[in-house]
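Presented below is the structure to which this report refers.
Read the figures in this text as sums done on the coordinates, not as results from a lab. These numbers were taken from a predicted model, which means no experiment stands behind them. So basically every Cβ, Gly included, is an ideal-geometry build from the backbone, and we count neighbours across all protein chains shown.
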Amino acid sequence: MLEEIMPRLYRIIIPLPNSPLKDLNSYVIKAKDRNLIIDTGFNRSVCFDAMQEGLRALDIDLSKTDFMLTHMHSDHTGLVSRLASDTSAVYFSRIDSKVFNENIDWQAMLDYALHNGFELEELIKAVESHPGLKYSPKKIPEFTLLDDGDIIKIGDYRLKCMLTPGHTEGHICLYEEEKQILFSGDHILYDITPHIESWSYELNSLKNYLESLDKVRNLPVKIVLPGHRNFFTDLAGRIDELKKHHEIRANEVLDVLGRNTMSAYDIAAGMSWDIDCENWEQFPVTQKWFAVGEAIAHLRYLESEGRIKRHKGEKTDTFSAH
Ligand SMILES: [Zn+2]
């Protein structure tokens with residue numbers, strides 16, 4: 001599905017089957033000499049077909065098109081290597097690009113998951129069915145790396161990169177100052193809450209996220225264009241709701257914890273989740289993965305605020321309020 005947002009700026013809606021996100025917003029800026037596509041969809045034929053259809057309708061020549069990826073998740077990056085031509089620049093966060101370019105220590109992440117209460121068998125299933133691994137780009141294109149403050153110019157659009165760590169460590173929003181447009185990626189969504197997770201003790205992603213919300217809160221904007229679902233206008237209002245949401249979630253973690261000493265996995269099992277399952281045992285294993293990751297992000301944050309304690313265990317780490 002294709003729609004014009006304002007002159008020369010379009011949205012192509014890319015379906016994401018079986019994902020609670022439903023679909024991805026791919027934004028296209030069509031200019032005289034170069035075009036820019038912001039985010040692409042999974043590396044799956046259903047996404048590729050929707051993208052092709054939209055690009056055909058817009059009469060986009062891919063040999064004159066560059067790409068910008070707001071962050072590393074495969075619903076945003078997956079298709080890029082199938083779309084990019086030899087002459088395409090692919091703009092991408094220097095920090096998030098490390099996931100593709102360096103020998104990431106996956107074992108450390110798995111050990112951390114085990115230490116937070118996952119059983120090995122369940123963990124293997126979670127990794128095998130993780131959409132991030134299944135639908136990521138197979139061939140990695142050469143990136144033009146972005147840092148905070150960099151500018152991408154396309155036609156009469158001047159897009160300023162705003163590093164906004166939280167949803168991922170290297171997430172980047174694009175701000176068009178004169179037109180007052182914020183491409184918010186998955187940093188700020190309107191209809192759903194961006195997923196915040198942590199799979200490393202070093203990473204206090206919720207603290208980073210809250211700081212990144214403040215970083216963009218007071219930008220003058222006429223419209224916010226998020227990575228999923230609907231556009232919106234009240235940036236500060238939505239940010240205040242998101243901050244409130246995480247405060248409520250942090251308090252829920254404290255409630256579940258009560259006077260107990262529990263693993264992150266057991267705390268996640270005791271929290272409420274917006275998912276169509278009777279109980280924790282029925283959760284698909286991928287959803288358990290996301291839930292535990294989110295619980296850890298809140299626990300790590302609460303710990304850094306001195307509100308809970310972490311106890312290092314031989315096999316499993318646990319948390320308590322005192
Ligand atoms: Zn994402």
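At R0 = 41 Å, how high is the FRET efficiency between residue 278 and residue 310 if r is their beta carbon distance? Nearest 0.05 is fine. Walk me through the numbers on the way to the answer.
Numbers: r = 31 Å, r/R0 = 0.75.
So the FRET efficiency works out to roughly 0.85.
Only Cα pairs under 8 Å and at least 6 apart count here; give the relative contact order of the chain as a rounded whole percent.
That works out to 14 percent.
So what is the calculated 222 nm ellipticity per residue for the chain, using -39500 (n - 2.57) for each DSSP H run with n of 4 or more, over all residues, to the nearest 500 deg cm²/dmol?
Value at 222 nm, helices only: -11000 deg cm²/dmol.
Report the residue, chosen from 259, 82, 300, that carries the largest GNM mean-square fluctuation when the chain is represented by alpha-carbon nodes joined by springs under 10 Å.
259
Out of every Cα-Cα pair in the range 144-292, what percent are more than 21 Å apart?
Value for the range 144-292: 51 percent of Cα pairs lie more than 21 Å apart.
For the range 170-247, take the alpha-carbon Rg, divide it by the Kirkwood Rh, and send me Rg/Rh.
On the way: Rg = 12.4 Å, Rh = 12.9 Å.
Here the Rg-to-Rh quotient is 0.96.
Can you list residues whose amide H is under 5 Å from residue 308's amide H, if they're 5+ apart or on another chain and H is modeled 1.01 Å from N?
303
Once the piece of chain linking residue 8 and residue 191 is laid out straight, how much longer is it, given 0.36 nm per residue of separation minus the C-alpha distance between them? Working shown, then result.
Values: separation 183, 0.36 × 183 = 65.88 nm, distance 2.55 nm.
Length gained between residue 8 and residue 191: 63.3 nm.
Over all alpha-carbon pairs in the range 1-154, figure out the percentage whose distance exceeds 29 Å.
Numbers: 2662 of 11781 pairs.
Distances greater than 29 Å cover 23 percent of the Cα pairs.
Nearest 5 is fine: what % of DSSP beta bridges in the chain come out antiparallel, could you say?
Working: 33 of 48 bridges.
If we restrict to bridges inside the chain, about 70 percent are antiparallel.
What FRET efficiency, computed as 1/(1 + (r/R0)^6) with R0 = 30 Å and r the Cβ-Cβ distance, is obtained for residue 122 and residue 261, rounded to the nearest 0.05?
Efficiency at R0 = 30 Å is approximately 0.85.
Given points 7 Å out from each Cα along the Cα-Cβ axis, report the residue 200 to residue 87 separation in nanometres with one decimal.
The answer from the label model is 3.8 nm.
So how far apart, in nm, are the two label points at residue 248 and residue 104 if each is 7 Å from Cα heading toward Cβ?
Spacing of the two 7 Å Cα→Cβ label points: 3.1 nm.
What is the calculated FRET efficiency for residue 320 to residue 62, with r their C-beta to C-beta distance and R₀ = 45 Å, to the nearest 0.05?
FRET efficiency, residue 320 to residue 62: 0.25.
What whole-number volume per residue, in cubic angstrom, does the convex hull of the C-alpha atoms of the range 279-322 give?
Values: hull volume 3.9 nm³, N = 44.
Here the figure is 88 Å³ per residue.
Show me 307-317, 31-41 ranked by packing, highest mean number of other Cβ atoms within 10 Å first.
With the highest mean Cβ count within 10 Å placed first, the list reads 31-41, 307-317.
Tell me which DSSP H helices of the chain clear both cut-offs, 30 Å or more of axial length from alpha-carbon atoms and a mean Kyte-Doolittle hydropathy of at least -1.0.
235-257
Within the P(r) computed for the range 223-322, what percentage of the Cα pairs occupies the region above 23 Å?
Roughly 37 percent, once rounded to a whole number.
Provide, in order from the shortest bin, the percent of all Cα-Cα pairs of the chain in each 10 Å bin, continuing until the bin that contains the maximum pair distance.
6, 26, 34, 23, 10, 2, 0
Express the C-alpha Rg of the range 4-63 as a ratio against the empirical globular expectation 2.2 N^0.38 Å, rounded to two decimals.
Against the compact-globule rule of thumb, the ratio is 1.12.
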